Amino acid sequence: MKKLYEIWKKFGQNFEQGGKLEKLSSFYDAFDTFLFTPQTTAKRNGTHIHDGSDSKRTMILVVMALVPAMLFGMFNVGYQHLLATGQIPCCGLTCALWWKAFGFGLLAVLPYIIVAYAVGLGIEFIVAQIKHEEVAEGFLVTGFIIPLIVPINTPLWQVAIAVAFAVIFAKEVFGGTGYNIFNVALITRAFLFFAYPSSMTGDKMFIRTEGTWGWDGGHALVDGFTGATPLTQLATGTPVAQSFWDMANGLIPGSVGETCLWAILLGACLLIATGVASWKTMLATFIGGGLTAWLFNQFGATDNLVGQYPWYFHLVSGGFAFGAVFMATDPVTSARTECGKWIYGFLIGLVAVIVRVLNPGYPEGMMLAILLMNAFAPLIDWCVVQSNISKRAKRSNSASVKLEK
Amino acid sequence: MLSQKTKDTLLGPLNINNPVVVQVLGICSALAVTVQLKPALVMGIAVTIIVAMANVIVSLIRNTIPMRIRIIIQLVVVAALVTLVSEILKAFAYDVAMQLSVYLGLIITNCILMGRLEAFAMTNNAWDSLLDGLGNGLGYAIILVIVAFFRELLGSGALLGYQIIPDSWYAAGYENCGMMMMPAMALILVGCIIWAHRSLNKEEK
């Protein structure tokens, strides 16, 4: 390891002031800090944090937490394809078909990962060069989340435009990583949703029925095939075909990463265990969504199918769990005070369910709910801090009054 | 031909002192009427005419206006001109007038108008006021046209109602950007213009 580092440092001399590749120094720096720093920790005395963890480690941990959802999503893309084209025998998946499903999904999802990273990192590198700054690592997670939340049939050029829009207008204009008000990955999806509604709605968008790169195309669809997600079925007024466990297990149509509850919870465990994401925000989101849905169950109009959808179904369908675990907890855009996290999460769940139930135009409310609360997170923090200040002021005032007596 | 002062009065608002991107006035109508190029053009021309004429009229009577009720007098002048222009438009370009709908009448509340009357016409002679009105109206129109150009081209694939993006592109999978049809995108476009304008005019700050 040390030898490797020496070779790397020698290579790095080219990038220093006056070196051959001076202009590309931010590239070198990005990879240098990514792989080798920070090596130093604070001295073991005093109240310092004795940990080498910085935002790059944090980002890598989130990417690792996303891997189960990504792998399962790939498999599910292939599985849904096989299902739609009637290639799955009644006795279940054979080993060969299992690998075929995964391979097909891998081929289908990989271009999205490449496009998201190429466009997003490209812009980040250019901006870093212009501003003479280091390349920040924030896009690492964003680029990984985007393929997970975009429907599998979205044209790649649209994804590229959306990523460019989100990175420039939701992030760089605010000052880059750590300064953004809105979650960049969600802005990407929101841009797609509003700019290209025809590729983002309907029931065919979540299932790749044609081949990928010409592989395994040309199959006829099975009779009565419908690619509608549970929430789309509800919005169009048909009862949901999937059971609770279907949705938790995740072998259903949906965006790549959002379907499997177990994969998401696995990621959530890692995030909570390492302290990267706040369990308060996650729990509060589930509580807020569950409670709101329960109230709709009890007191809502009986002819509203989504409102009568049992509350525990709301929590596992669509992107609710994925949003609660990976998007609502984004440390940059969420509330930062501990009490604020409860309020912030609760309101996300509440708004998400309200959008689902009361607006038939938007079957899924999670994206809009998180973006809305992103805007309110600073206000929540401000209120929490202010109330704490006034509480303490009152306490100290009454204490001093007592002393005077 | 023109003195430096006249030049500044007429051309300043087109660039360095632009009412929309520097003074950030008249944003509301800039968002509302720029979905297509044609209404934006008409709106720009209408505002130019109104602001120039109002400037001249107010400048001519500026010495007789009692200071305490000057805003009302200015409003009456503007309202009369706006009514005139909207009636003319309804008579000769009915469909455009319908597209502009309420925003034609709302020219009265356009901050550029009151701003120019208060800041310029009340203290300058008629000729300078005319130039100032023309300059500010055109400065507003330019931004409207730029925003509308991009919104119509990218949002509907057309310009002035004529299709620009060839059918073969659509066949190849190209889609119009629905975001461009929304007022939010107009705000972002205006922001981009301000961005470009500031970085081009750094030394003027």
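The values are calculated or read from the model by the stated rules, or taken from the named source; none is laboratory data. This one's a predicted model, so the numbers in the text were calculated from it and none came from an experiment. FYI the Cβ positions are ideal-geometry reconstructions off the backbone, even for glycines, and counts take in every protein chain you see.
At-a-glance table
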item	result
Flag for A:LEU97 being assigned to a helix (DSSP H, G or I) and in contact (Cβ under 8 Å) with a residue 12 or more places away in the chain	yes
Meets criteria (more than 14 Å from chain A (Cβ to nearest Cβ), closer than 22 Å to B:ALA40 by Cα, part of a helix (DSSP H, G or I) and at pLDDT below 85) for B:LEU106	yes
Pairs, first closer than 14 Å to B:VAL47 by Cα in the range B:89-102, second surrounded by fewer than 15 Cβ atoms within 10 Å (Cβ to Cβ), C-beta under 8 Å, six or more apart	B:ALA97/B:LYS90
Selection from the range B:137-161 of residues that are at positive phi and either buried (at least 22 other Cβ atoms within 10 Å of the Cβ) or hydrophobic (A, V, I, L, M, F, W, C) (or both)	B:LEU160
Failed criterion for A:THR154 (all others in (1) within 12 Å of chain B (Cβ to nearest Cβ); (2) of a type in the set (S, T, N, Q); (3) in a helix (DSSP H, G or I) hold)	(3)
Any hit, the range A:171-193, residues being closer than 27 Å to A:ALA277 by Cα, buried (at least 20 other Cβ atoms within 10 Å of the Cβ), hydroxyl-bearing (Ser, Thr, Tyr) and within 13 Å of chain B (Cβ to nearest Cβ)	yes
The range B:125-164: number of residues that are farther than 18 Å from B:PRO39 by Cα and touching a residue at least 12 places away in the same chain (Cβ under 8 Å)	11
Hits in the range B:162-177 (condition: surrounded by 15 or more Cβ atoms within 10 Å (Cβ to Cβ) and either touching a strand residue (DSSP E or B) at 6+ places or on another chain (Cβ under 8 Å) or closer than 29 Å to B:GLN23 by Cα (or both))	B:ILE165
Close pairs (9 angstrom Cβ cut-off, 6 or more residues apart or separate chains): in contact (Cβ under 8 Å) with a residue 12 or more places away in the chain and facing chain A (nearest Cβ under 8 Å) in the range B:176-200, among the polar types (S, T, N, Q) and surrounded by fewer than 19 Cβ atoms within 10 Å (Cβ to Cβ) anywhere	B:GLY178/A:SER198
Condition check for A:ASN359: surrounded by fewer than 22 Cβ atoms within 10 Å (Cβ to Cβ), over 28 Å from A:VAL150 (Cβ atoms) and not β-branched (Val, Ile, Thr)	no
Sole exception among (1) of a type outside the set (Ser, Thr, Tyr); (2) free of Cβ contacts under 8 Å to residues at least 12 places away in the same chain; (3) assigned to a helix (DSSP H, G or I) for B:ASN63, by number	(3)
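A quick yes/no check of all residues on (1) hydrophobic (A, V, I, L, M, F, W, C); (2) modelled with pLDDT of 90 or more; (3) over 13 Å from B:ALA46 (Cα atoms):
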residue: B:ASN110; (1), (2), (3): no, no, no
residue: B:GLY115; (1), (2), (3): no, no, yes
residue: B:ALA121; (1), (2), (3): yes, no, yes
residue: B:ASN124; (1), (2), (3): no, no, yes
residue: B:TRP127; (1), (2), (3): yes, no, yes
residue: B:VAL147; (1), (2), (3): yes, yes, yes
residue: B:SER156; (1), (2), (3): no, no, yes
